[in-house]
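Presented below is the structure to which this report refers.
The values are calculated or read from the model by the stated rules, or taken from the named source; none is laboratory data. As the structure is a computational prediction, the values presented were derived from the model and not from experiment. Cβ placement follows ideal geometry from the backbone for every residue including glycine, while neighbour counts extend to all protein chains displayed.
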Amino acid sequence: MDIYQSGLDQLCQKSDAARLQAQVVSVGMEPTSHSFKNLARHLLDHFQPVKLVNSFSVKQNREQQCMRREKTDQIDAAAVASSDMRRSCSVPE
């Protein structure tokens, strides 16, 4: 998925498809650099709620899963999802 409008469109399509099969679809994201604000704003237009997961929580989750030295997008995505499911996140302002 790219960082442009086409990537957001792809995410929205996948989410819409997931909503047909699931009772709840939750969007969690790790706020990195300043670019997350724009993405969060766009996501809030499509999804309610969008939740932010603290980067330190993502790191701790990786360590709890015995993946201290491993850092990949897939591992971080799983850590964000885990934090979202445990409700250890916040809602952006």
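For region 43-54, the set of residues classified as at pLDDT 75 or above, closer than 15 Å to residue 16 by Cα and either acidic (Asp, Glu) or out of contact with any strand residue (DSSP E or B) (no Cβ under 7 Å at 6 or more places or on another chain) (or both) consists of 45, 46, listed by residue number.
Residues of region 65-93 that are exposed (fewer than 11 other Cβ atoms within 10 Å of the Cβ) and at pLDDT 75 or above: 74 alone. Residue pairs whose Cβ atoms lie under 9 Å apart, separated by 6 or more positions or on different chains, with the first residue in region 22-39 and within 22 Å of residue 3 (Cβ to Cβ) and the second among the aromatic types (Phe, Trp, Tyr) and surrounded by 11 or more Cβ atoms within 10 Å (Cβ to Cβ), are 25/47; 26/47; 27/47; 29/36; 30/36. Part of a helix (DSSP H, G or I) and at pLDDT below 75: is that true of residue 61 in this structure? Yes: the conditions hold for residue 61. Would you pick out the residues in region 1-37 that are surrounded by 11 or more Cβ atoms within 10 Å (Cβ to Cβ), of a type in the set (S, T, N, Q) and at pLDDT 80 or above? 10, 15, listed by residue number.
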